[in-house]
Each structure stands twice: as C-alpha cells, then as structure tokens.
1. For the range 95-127, what are the residues that are in a loop (DSSP other than H, G, I, E, B), within 18 Å of the chain's Cα centre (by Cα) and free of Cβ contacts under 8 Å to residues at least 40 places away in the same chain?
2. Report the residue count in the range 168-179 for those that are out of contact with any Phe, Trp or Tyr (no Cβ under 6 Å at 6 or more places or on another chain) and either surrounded by 21 or more Cβ atoms within 10 Å (Cβ to Cβ) or under 9 Å from residue 148 (Cβ atoms) (or both).
3. What is the one condition in (1) touching a Phe, Trp or Tyr at 6+ places or on another chain (Cβ under 7 Å); (2) touching a residue at least 60 places away in the same chain (Cβ under 8 Å) that residue 153 does not satisfy?
4. At least 1 residues that are within 14 Å of residue 112 (Cα to Cα), among the charged types (D, E, K, R) and touching a strand residue (DSSP E or B) at 6+ places or on another chain (Cβ under 8 Å) in each: list the strands (runs of 3 or more DSSP E) lying fully within the range 35-78 that qualify.
5. Residues of the range 152-162 being surrounded by fewer than 18 Cβ atoms within 10 Å (Cβ to Cβ) and modelled with pLDDT of 95 or more, which ones?
6. Say whether the condition of being touching a Ser or Thr at 6+ places or on another chain (Cβ under 8 Å), surrounded by 18 or more Cβ atoms within 10 Å (Cβ to Cβ) and at pLDDT 90 or above is met by at least one residue in the range 7-24.
7. Can you give me the number of residues within the range 143-171 that are touching a Leu at 6+ places or on another chain (Cβ under 8 Å) and not in a strand (DSSP E or B)?
8. Among the residues of the range 47-70, what is the count of those that are among the small types (Gly, Ala, Ser) and touching a Leu at 6+ places or on another chain (Cβ under 6 Å)?
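The values are calculated or read from the model by the stated rules, or taken from the named source; none is laboratory data. For clarity, every value in this text was computed on a predicted model and none was experimentally measured. FYI the Cβ positions are ideal-geometry reconstructions off the backbone, even for glycines, and counts take in every protein chain you see.
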Amino acid sequence: MKKSAIFGAFALLASSQASASYIETVTGADMTDMSVTVTYSDASTETLLWQTLATDPGPDYQEGFVGGVFGSDWSLVQQGNTISETPADASLPLGLWTFDFEFTGVGIQSIFIDAFAGNVVFDTAEGDASANGSGPGRGYLDDVDFAVASYTNNVEDELFGGLLINGISDELFAQSGTLEFLIDTDMVAVSAPATASIFALGLAFIGFGRKKNA
C-alpha cells in the first residue's frame with residue numbers, strides 16, 4: 001500500500017505538470033499582481049504591485065488594454081499585446097513598456113519585474129522555440145545604449161519569471177529620462193501553487209493509507 005500510494009502521489013504531480021499550459025495573448029491589463037521593484041543609487045528600494053489601468057476594446061491592436069505602476073518619482077506602463085506584432089500601418093511600435101523617471105536628487109540603479117508573482121512569465125525566444133505550449137515569444141529589446149537586461153527564475157525552457165534591467169555604466173538613470181522596451185509575456189494557466197496543492201493531496205493520501213494499515 002505504501003509504495004502504491006507514493007507512486008500515486010508522484011503520478012498526480014506528473015499529471016499536473018503535463019497539463020500546465022500558457023495563455024499567449026497577454027496585455028498590460030492582464031498582469032495584475034506582478035511586482036515591480038526600483039532600486040535607487042543609495043540602495044533604497046520601492047516595490048509596487050501591477051494594476052489594471054484601462055480595458056478599452058475600442059483602439060486597434062488591443063492598445064486600449066493598459067496596466068502599470070506609479071511610484072514616488074517613476075512609473076512603468078505597458079500597453080497592448082506584449083508580443084508586439086506591429087503591422088505596417090501602425091505609427092508606433094505596439095505593445096510598448098514605458099518606464100519614466102523624474103529625478104529628484106537620487107538616481108536609479110535598477111528595475112526588477114517579478115512577473116511570476118502575478119502568474120506571468122517572460123517568453124524570451126523569437127518564434128515558437130519549444131514544445132511547452134507558450135507559442136511565439138520576443139526577448140527584451142530597446143533602442144537605447146544605457147540599459148542591459150537579464151532574466152531570472154527560469155520556469156522552463158525559454159520562459160522566465162523575472163526581468164532585471166541595469167545600467168551599462170554605474171547607474172541606469174542618473175537624471176530624468178525614459179526607457180521604452182519590448183518583451184513578450186504569457187500567463188500561466190496552471191499555476192505552481194495549484195501543482196503544490198495536488199502534490200499535498202497525494203501526500204495526504206499516503207498518510208491516510210498508513211492510518212488504514214495501522
């Protein structure tokens with residue numbers, strides 16, 4: 001009974017992992033509860049949770065779906081579908097992330113986006129790079145020469161839970177400025193907590209088996 005119960009628990013876990021899937025179409029309005037942390041040059045930090053700002057179906061290309069955060073002297077806003085498939089008739093790149101900073105005496109060292117806190121992952125490979133169900137992605141892309149990005153918390157394959165943006169030199173922002181960038185995100189349809197709950201249920205089943213045999 002003990003061996004079969006353990007096997008059943010791991011079978012449940014494997015089944016939950018195999019059934020995990022991703023939602024490919026994600027806008028700024030969908031990514032609630034991600035956290036964004038700004039680290040200042042004096043080592044102080046400010047962390048905020050992502051909020052839905054607009055859900056207007058009127059504008060073309062889902063550009064009416066917006067989310068973001070507003071800090072004490074900075075903001076980060078994302079508008080539209082994060083995959084940023086920009087057609088020829090669009091006047092600006094679609095799916096932009098825009099970080100604005102108003103210098104008030106202390107610069108900014110880095111920006112960290114904990115997407116996984118909101119059940120979101122960064123899909124960092126162009127095209128459909130793997131068979132994990134995440135579909136086409138887009139890695140970090142900007143048009144400035146002062147920022148560098150790195151990914152953290154590898155969920156699987158090309159999918160990451162965190163994005164860290166640093167300055168190429170000592171600071172990311174030593175004065176007021178704007179950083180616009182692109183990066184694709186997907187929503188996790190089956191979350192890690194749900195998987196953990198299934199596994200806990202399997203372990204409980206083991207305990208029940210032991211009591212029954214006692």
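1. So in the range 95-127, the residues in a loop (DSSP other than H, G, I, E, B) come out as 95-96, 102-107, 119, 124-125.
Adding the requirement that they be within 18 Å of the chain's Cα centre (by Cα) leaves 95-96, 119, 124-125.
Selection gives 125 alone.
2. 1
3. For residue 153, the failing item is (2).
4. On the way: elements: 35-40, 45-49, 51-55, 65-70.
Correct list: 45-49.
5. To start, the set of residues in the range 152-162 that are surrounded by fewer than 18 Cβ atoms within 10 Å (Cβ to Cβ) comprises 152-154, 156-157.
Correct list: 152, 153, 154.
6. Yes, the range 7-24 contains a residue that is touching a Ser or Thr at 6+ places or on another chain (Cβ under 8 Å), surrounded by 18 or more Cβ atoms within 10 Å (Cβ to Cβ) and at pLDDT 90 or above.
7. First, the residues of the range 143-171 that are touching a Leu at 6+ places or on another chain (Cβ under 8 Å): 144, 146-147, 149-152, 165-166.
Those still in the list that are not in a strand (DSSP E or B) too: 144, 146.
Adding up the residues that qualify gives 2.
8. Step one: filter the range 47-70 for residues among the small types (Gly, Ala, Ser), giving 54, 58, 64, 67-68.
From the residues that got through so far, the ones that are touching a Leu at 6+ places or on another chain (Cβ under 6 Å) too are 67-68.
Number satisfying all stated conditions: 2.
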